[in-house]
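Accompanying notes for the structure given below.
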Amino acid sequence: MDWFVLVASGLFESVWATALGRSNGLRRLVPSLIFLIASIISLAGLAWAMTTIPTGTAYAVWTAIGAVTTTVWAIGTGAERATILKVVCLLGIIACIVGLKVTG
């Protein structure tokens with residue numbers, strides 16, 4: 001259950017990061033509210049997961065999931081361009097997340 005909460009928290013990290021990018025410096029109401037709500041959920045889930053998952057592992061996984069998901073979303077929506085090198089790097093991050101879980 002802890003790992004499920006950690007993964008969900010990482011996904012909420014990508015929600016708040018995307019909303020923050022669309023908030024125009026917190027000047028647009030809806031993206032700013034989404035940012036605020038998603039960041040609270042994300043951090044609360046991270047805190048909860050860290051009660052049983054070591055801090056270094058939990059933070060690394062949370063950050064990596066957020067970074068990968070945010071980048072994949074940006075590529076999917078056309079906000080960023082996909083390159084072979086970028087995809088290879090994202091796959092490397094995913095491999096590291098799996099490695100942290102397997103060796104945990």
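Where a number appears in this text, it was derived from the coordinates with a stated rule and is not lab data. Quick caveat, the model's predicted, so the values are computed rather than measured. Virtual Cβ from ideal backbone geometry, glycine too; neighbours counted across all protein chains shown.
What residue among Thr55, Thr77, Thr18 has the largest mean-square fluctuation in a Gaussian network model of the chain, using Cα springs under 10 Å?
Thr77
How large is Rg over Rh for region 2-103, taking Rg from the Cα atoms and Rh as the Kirkwood inverse mean of 1/r across Cα pairs? The partial results should precede the final answer.
Working: Rg = 14.3 Å, Rh = 14.1 Å.
Ratio of gyration radius to Kirkwood radius for region 2-103: 1.01.
Between region 70-99 and region 1-28, what is the separation of their alpha carbon centroids in Å?
Distance between centres, Cα-based: 16 Å.
Among Ile84, Gly66, Ile41, whose Cα projects farthest towards the positive end of the dipole of the chain, with charges put on the beta-carbon of Lys, Arg (+1) and Asp, Glu (-1)?
Ile84
From the phi of every residue in region 6-11, what ³J(HN,Hα) in whole Hz does the Karplus formula 6.51 cos²θ - 1.76 cosθ + 1.60 yield, where θ is phi - 60° and glycine or proline is x?
4, 5, 4, 5, x, 5
Sorting check: for 93-103, 41-51, which peptide has the highest mean count of neighbouring beta carbons within 10 Å, and how do the rest follow?
Going from most to least packed, we get 41-51, 93-103.
If you plug each phi of region 14-25 into the Karplus form 6.51 cos²θ - 1.76 cosθ + 1.60 with θ = phi - 60°, what whole-Hz ³J(HN,Hα) values come out, in order, with x for Gly and Pro?
With the stated coefficients, region 14-25 comes to 5, 5, 5, 5, 5, 4, 4, x, 8, 7, 6, x Hz.
Roughly how many debye, to the nearest 20, is the charge dipole of the chain about its Cα centre, given +1 on each Lys and Arg Cβ, -1 on each Asp and Glu Cβ, and no other charges?
Here the size comes out at about 320 debye.
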